[in-house]
Amino acid sequence: MRFLNLDFETGSPCDLRKCGAAKYAEHPDTRIICVSFTTPWDDKYPDAIQNIYVPPHHHTLGLLPAELINWVLKGKPVAGWNLSFEYHIWNTWVSSSSFRLKPEQLYDTMAQAAYWGLPLSLDAASEALFDDLGVAKDKEGSRLMKSMARPRAHKPGEPLRWWDVEDPDKRKRLIEYCDQDVRTEKAIQEFLPPMPSRERKIWLMDFKANARGVQLDTHLSAQIKKLAEEETGRLSKELAQVTDGKVTGVTKAAALKSWVWASGVPGAAEGLAKDRLPDLIRAAETLGFPKVKRALEIRQEAAKSSIAKIDAMTNFACSDGRLRGLTQYYGAFRTGRWAGRGPQVQNFPRSVVKRQEDLIDFLRAPAADVAGLKMLFGVTPLEALSSALRGCLTVAEGKLFAAIDFSQIEARVLAWLCGNQKILNAYLAGEDLYVLAAAGIYGVHVDRVTADQRQVGKVSILALGYQGGVGAFQTMAANYGLVIPDAQADEIKTAWRGDNPEVVNYWYAIDKAAKDAIQNPGQKFEVVRGQGVRISFAMWRGNLLCQLPSQRTLCYRGAKIVDGKFGPVASYMGVDQYTRKWVRIESYGGKFVENICQAVARDVMADAMVRINYDGCADILGSVHDEALLEIDGLPQVNKATQLMKTVPAWATGLPLDADGYVGSRFKKG
């Protein structure tokens, strides 16, 4: 199959990183500077790269060759890196109606690369494959492109000035850079296998959901911002008073740290991170420093401000009030899960206000004020405003918002993968898994488990399933306000492992299979548990492939055995989650199991959303963790969507799925 490989270079006063491709494309001063493309219609030179320069105020359509226009018009395949950008630019600035790019004809090389374990950046992906391809992104040209993508400095009211107009040499260099992008993208596309057909359906569903977008309640978001600014302003004034003018605002973290440290509070030099503030507040109280205590309380309170999220949503909102491009397909490339973009809906704080509908109604009213928030809802004003953040996401008039959540999906998948029949039976019987875990840890009957012991059971399930130790337990315990000495945490870890031998054995079996595959290229190594639940490992082109029950493949690039802290370990090349650099990463049984478990949970979610999309009972808006967000017509449709979510995929026989949700006018939780 031949592809039209396409790449635009554009300019705009709009900041693409802050606004997203859809908002960027509709900005009235956005313009196409040049376009580079291959010539698949030419039987003699199908891989030739041509380019077109588009001067300001010229319509791109009149400059493009008829063959290219005809190619798009007939719905033939178009390829490129991160094609949502080309999609929005084409459909806004090339043709808004007569021959739009259709999602079905798009083949995103970035998505293809992510599926095969490569970074989402063209620069990083081409660098990772340079030994195989011999081509890479033009880094010098990239720097030039970033400077030319914004107008030159000009006085207010004057026409925009552009580098490509005023400097022909830079214009020529930019076009060469665009050509090289097409060359590099095409090389990656042809080097990698295509995405499997099942995965392409998932990508297409996701692409359409991102193009559809989610409606923003602009009135509510404006109210939240106004009140948050009012409250943070009040807190800043109080902070300046208690610090005698040394710290003039709640955002002055460095100044506050220095002031607290100079006041003699031990531990202040290590910083004022959110998790350290309670200890510092207690220390200030113990030392009899009321002003320091209040300053730290102000810092703690101000940290709950939602202004940044509100600004991010406002920046992303298109002219019709919808937020587009909120999720990234395969954003977590080790599992294939979605990642957030723009306002990062996945990271919205959970509500601490139970009466969410009353809170939203109050905030939307003209009489809403900070004093009322504190009096009516029993929390600080900024906590109340953060609790309303999710409610800014709503639906079109006449529609309903539905969110359907899988219940404890990871814990269910882990039990299914390793054949832990006791846990599977408990799910089927509707038992409380946290109570069951606590009973196993403390050696008591389930009827005798206390509330505190149940909390330990909950933390154990969430923290210890992937070979986590005391550190993992304590990190999770802190999230639930659970304070346990390290020695006791170690005892809990040992007891939990003793009560879940299937999980422990699974870690080591997966670790051995991965290592055996790396050391024996050409052979397949499998781990089979329960009702024939199969995970297989094999090497391919120097990469470790892990095939899941859904037949999707996880790709660990450049896998090899290296000397680790405790002996030989499997390793692979990947993006470090902290530095974002392409580095060698060591792995082990529990980490592989975490990847596999989360990947299977993702496949369950993806299959469910594809079923809902195919059925037509709802419009997919996206997902937040294990929750599908839908725009529906009425209650019958949400009931149908819930049943489709509960449907066990053919490849997951025996997996005890359960899902539930809510329907209303807006997003409430996640």
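For P28, indicate whether it is touching a Phe, Trp or Tyr at 6+ places or on another chain (Cβ under 7 Å) and not charged (D, E, K, R). Against the criterion (touching a Phe, Trp or Tyr at 6+ places or on another chain (Cβ under 7 Å) and not charged (D, E, K, R)), P28 does not qualify. Could you list, in sequence order, the residues of region 175-225 that are of a type in the set (V, I, T), open to solvent by less than 20 Å² (accessible area, probe 1.4 Å) and touching a strand residue (DSSP E or B) at 6+ places or on another chain (Cβ under 7 Å)? V182, V214, listed by residue number.
Of the residues making up region 401-423, those that are touching a helix residue (DSSP H, G or I) at 6+ places or on another chain (Cβ under 6 Å), farther than 18 Å from D499 by Cα and not in a helix (DSSP H, G or I) are A402, I404. Within region 314-340, the residues that satisfy the criterion of being at pLDDT below 95 and buried (at least 21 other Cβ atoms within 10 Å of the Cβ) are F333, R334.
Helices (runs of 4 or more DSSP H) fully within region 287-386 that include at least 1 residues being within 29 Å of the chain's Cα centre (by Cα), β-branched (V, I, T) and within 30 Å of Y578 (Cβ to Cβ): 307-316. Note on region 430-460: residues that are within 33 Å of the chain's Cα centre (by Cα) and open to solvent by less than 40 Å² (accessible area, probe 1.4 Å) total 10.
Within the set Q453, Q467, Q488, Q474, the sole residue that is of a type in the set (S, T, N, Q) and not in a helix (DSSP H, G or I) turns out to be Q467.
Just give me the residues in region 49-81 being open to solvent by 40 Å² or more (accessible area, probe 1.4 Å) and without any contact (Cβ under 8 Å) to a residue 40 or more places away in the chain, in sequence order.
Q50, H57, H58, H59, L61, G62, L63, A66, E67, N70, L73, K74
Of the listed requirements (1) under 30 Å from P196 (Cβ atoms); (2) under 31 Å from the mean Cα position of the chain (by Cα), G532 misses just one: (2).
Closer than 20 Å to K304 by Cβ and in a helix (DSSP H, G or I) - does that describe any residue in region 188-208? No: zero hits. Would region 469-491 turn up any residue that is of a type outside the set (A, V, I, L, M, F, W, C), open to solvent by less than 40 Å² (accessible area, probe 1.4 Å) and under 28 Å from G654 (Cα atoms)? Taking every residue of region 469-491 in turn, none turns out to be of a type outside the set (A, V, I, L, M, F, W, C), open to solvent by less than 40 Å² (accessible area, probe 1.4 Å) and under 28 Å from G654 (Cα atoms). Residues that are at pLDDT below 90 and among the charged types (D, E, K, R) were ranked within region 632-670; the one that is least open to solvent (accessible area, probe 1.4 Å) is K668.
The values are calculated or read from the model by the stated rules, or taken from the named source; none is laboratory data. Note that the structure is a prediction, hence the values are computed from the model and not measured. Glycine gets a Cβ as well: all are built from the backbone with ideal geometry, and neighbour counts include every protein chain shown. SASA here: full protein model, heavy atoms, side chains in, ligands and nucleic acids out. Shrake-Rupley method; radii C 1.70, N 1.55, O 1.52, S 1.80 Å.
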